[in-house]
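Data block below; observations after.
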Amino acid sequence: MAAKTYLFQPEKKIMKQGSVLTDEAGNVVYEAKMLKMPLIGAMDFDFINHVSGKTVSHKVTKTITTESSTNGITSFFSTKSRFKLDGVNVWDALHEEGIRIDSAFSGNKLGMTYTVTLKGQPLATIATSTPGGKSIITTQHVYSVTAEEADLDLAFLVTFAIARTDQAFYS
């Protein structure tokens, strides 16, 4: 099966924390739908794969970001950002699944490209993008995701983790 390119972006409703993945025709193929946002504790999400019809519920905490500084100057490369997915640091959970993420500055746009592998095999390419995909200046909230349909569950989860955090580099 050939890889397809999708567009990942936040849900359009302001008070929602969800995200959607759409195909080239604009059809929603995957979504993270926030069901409940308590003042304290984790938010309830349903991760819905509209291609396979599979829904998985997750608890997602608020994002925590820490930055190191040298001589009072915050370093872009020392940002640590994470949230808990079902009680586990999301980066640890992905790492335990065999996910590795290499990142680099995009060559043709002002943004980042993430190459994702699963147990050493290519899984997805995720790149910062824009809603229209045409601008050379990208946003940290919209991503172009290239993956095979069979890999949508993990590709979406990795993109969701990247989008919810300020983590610029992770391996």
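Per-residue answers, yes or no, for (1) surrounded by 10 or more Cβ atoms within 10 Å (Cβ to Cβ); (2) modelled with pLDDT of 80 or more; (3) in a loop (DSSP other than H, G, I, E, B):
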| residue | (1), (2), (3) |
| --- | --- |
| 8 | yes, yes, no |
| 14 | no, no, yes |
| 20 | yes, yes, no |
| 41 | yes, yes, yes |
| 45 | yes, yes, no |
| 51 | yes, yes, yes |
| 59 | yes, yes, no |
| 69 | no, no, no |
| 75 | yes, no, no |
*Please indicate, with yes or no, whether at least one residue in the stretch 134-147 is modelled with pLDDT of 95 or more and more than 11 Å from the chain's Cα centre (by Cα).*
yes
*Which of the residues spanning the stretch 89-107 are part of a strand (DSSP E or B), open to solvent by 10 Å² or more (accessible area, probe 1.4 Å) and under 19 Å from residue 65 (Cα atoms)?*
89, 103
*asked:* Which pairs turn up if I take residues in the stretch 153-165 that are in contact (Cβ under 8 Å) with a residue 60 or more places away in the chain and small (Gly, Ala, Ser) and look for partners that are surrounded by 24 or more Cβ atoms within 10 Å (Cβ to Cβ) and assigned to a helix (DSSP H, G or I) with beta carbon separation below 8 Å, at least 6 apart in sequence or on another chain?
replied: 161/90
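The values are calculated or read from the model by the stated rules, or taken from the named source; none is laboratory data. In this text the structure is predicted, and so the values were computed from the model without any measurement. We place every Cβ from the backbone using ideal geometry, glycine too, and count neighbours over all the protein chains shown. Note: areas computed on protein heavy atoms with side chains; ligands, DNA, RNA excluded. Shrake-Rupley method; radii C 1.70, N 1.55, O 1.52, S 1.80 Å.
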